[in-house]
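The values are calculated or read from the model by the stated rules, or taken from the named source; none is laboratory data. From a predicted model like this one, the values you see are computed outputs, not experimental measurements. We place every Cβ from the backbone using ideal geometry, glycine too, and count neighbours over all the protein chains shown. For the accessible areas, the whole protein counts, side chains as well, though only heavy atoms, and no ligand, DNA or RNA atoms are used. Shrake-Rupley method; radii C 1.70, N 1.55, O 1.52, S 1.80 Å.
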Amino acid sequence: MAQLTTGGSQGYLRIATEEAFSTPELIAAFRDELAAPDPDPGLQSLIGFYLDHPAERPQFIAKALLDLGEGRLADMDARGIDRQILALTAPATNAVHDVDRAAMIAETANDRLAEACRAHPDRFSGMAACAPQDAPRAAREIERAVTKLGLKAVVINSHILGEYLDNPKFSEVLEAAEAMDAPIYLHPNTPPRNMIGPMLEAGLDGAVFGFGVETGMHALRLITSGVFDRFPRLQVIIGHMGEALPFWMYRLDFMHQAGIRANRYEFLKPLKKEKVSNYLKENFYMTNSGVAWEPAIKFTQDVIGKDRVLYAMDYPYQCPAEEVAKLDAMDMSLEDKKMFFQTNAERVFKL
Ligand code: 1DF
Ligand code: MN
């Protein structure tokens, strides 16, 4: 494999858009959640593994998450990554029961992230964390993070203690993101207690599959509940090649419309744009985090639009340099590759 370099000599910069970091405050809260009686099984499966497992990968990840300086920059250099768009790692504040503590963790993380972005403005940009559990405070924090800290988007790690963003209790969060013109990165979480059982039993609850099922469903709920009719300018970014939703699109449209015509569910009301796919094409961006796979990237470009598909690495969870080289080598015009790796991200995150 040829040496990967930063600086754009291949004809584009590489901007990685779903890159994770952590804070000591978040780690302490995860430990307390796991020590409480009857902890969330998804949190236990995911974070229990990354906090304490002796294998090489979780040890590397635990260390890399806390490095917002030289170690991270060296890893970016070695992989030819010009810029990371950073987000507080999943499930972040979504899994913290003490609402005040959750909000403090988000606010402190945003301060730390803004400091790292100020120290390395040519290498780091960031997304704001918040604690949607306290929606008015989350809305204020989104405004502060965008206007005072220069953060570019909002990260929300899918379900919030088993609740979903279409619940009217979270309206102020969506309203603030729309008002700030800040996209929401709907990042995966492990499935909640009432969904995880058979997946956990089979070892399929995490990034291998459960993440995608949970987060894809969350994204769909936002559409079918009419969130984008309430907030038409809201933009949502989903990773992992759109959590497979592009591949579902035809069936989603057919079955959703059949359900609407039959008035089958109280929850399902006709949508202004009628088809689920229209929202996927107009209110969503999709990144290829964890999917360094040319056919899936091209298919998604084809069905939702080349201007809506962005590159992501998912450092430090999945970061082999070989994946970067593989994507560089895609059979795709230089113009399209530049949109994928660079210019779509520059537009969406206002870099
Ligand atoms: C994993 C993957 C963990 C992703 C993550 O955050 C994460 C993993 C805790 O492999 O367990 O963000 N991911 O986005 O694919
Ligand atoms: Mn991720």
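Observations, loosely collected:
- Solvent-accessible area of LEU204, all protein chains in place: 70 Å² (probe radius 1.4 Å, heavy atoms, ligands and nucleic acids excluded).
- Modelled label reach - ALA329, point 7 Å along Cα→Cβ, region 1-18 residues with backbone N closer than 16 Å: 1-5
- Under the Debye formula (equal points on every Cα, no solvent term), log10 I(q)/I(0) of region 4-125 at q = 0.12, 0.13 Å⁻¹: -0.50, -0.58
- Calculated FRET efficiency for the pair THR147/LYS281, C-beta based, R₀ 25 Å, to 0.05: 0.25
- Candidates per GluC sites (Glu not before Pro) in region 238-320, loop by DSSP, up to 11 other Cβ within 10 Å: GLU266
- Base-10 log of normalised Debye intensity for region 256-351 (one unit scatterer per alpha-carbon) at q = 0.13, 0.14 Å⁻¹: -0.56, -0.62
- In plain terms, the C-alpha convex hull of region 220-277 casts an average shadow of 4.0 nm² when viewed from every direction.
- Rg ratio (alpha-carbon, reference 2.2 N^0.38 Å) - region 95-150: 1.14
- Long-range amide H partners of ILE237 with built H, under 5 Å: ILE184, TYR185, LEU186, TYR285
- Given R0 = 45 Å, the distance between the Cβ atoms of LEU351 and ALA258 translates into a calculated FRET efficiency of 0.60.
- Beta bridges by DSSP in region 75-189, antiparallel share as percent, to the nearest 5: 10 percent
- Residue among PHE349, GLY206, TYR50 farthest towards the positive dipole end of the chain, charges placed on Cβ: PHE349
- Percent carbon-and-sulfur accessible area, region 28-160, ignoring ligands, DNA and RNA, probe 1.4 Å: 53 percent
- The figure for CYS319 is an accessible area of roughly 20 square angstrom, using a 1.4 Å probe on the protein chains alone.
- Spacing of the two label points (7 Å from each Cα toward its C-beta) at ASP302 and ASP122, in nm: 4.0 nm
- Helix content alone sets the calculated 222 nm mean residue ellipticity of the chain: runs of n ≥ 4 DSSP H residues at -39500 (n - 2.57) each, divided across all residues, give -14500 deg cm²/dmol.
- Rolling a 1.4 Å probe over the protein heavy atoms gives the chain an accessible area of 43 Å² per residue.
- Overall, region 1-100 carries a charge dipole of about 540 debye about its Cα centre when +1 sits on the Cβ of Lys and Arg and -1 on the Cβ of Asp and Glu, all other atoms neutral.
- With a Förster radius of 41 Å applied to the beta-carbon distance between THR108 and TYR250, the computed FRET efficiency rounds to 0.40.
- Rg ratio (alpha-carbon, reference 2.2 N^0.38 Å) - the chain: 0.94
- DSSP beta bridges in the chain [antiparallel fraction, %, rounded to 5]: 5 percent
- Euclidean distance of C-alpha centroids, region 213-279 and region 33-91, integer Å: 31 Å
- A straight chain from PHE267 to ALA202 at 0.36 nm per residue would run longer than the Cα-Cα distance by 20.3 nm.
- Out-of-range pairs (alpha-carbon distance over 20 Å; input LYS306/LYS338; LYS152/LYS273; LYS169/LYS272; LYS272/LYS350; LYS152/LYS275): LYS152/LYS273; LYS169/LYS272; LYS272/LYS350; LYS152/LYS275
- Taking a point 7 Å out from the Cα of HIS53 in the direction of its Cβ, the residues of region 182-218 whose backbone N falls within less than 11 Å of it are 206-208.
- DSSP bridge pairs, region 112-254: antiparallel proportion in percent, nearest 5: 10 percent
- Placing a label point 7 Å from the Cα of ASN167 along the Cα-to-Cβ line, the residues of region 93-125 whose backbone N sits under 20 Å from it are 93-106.
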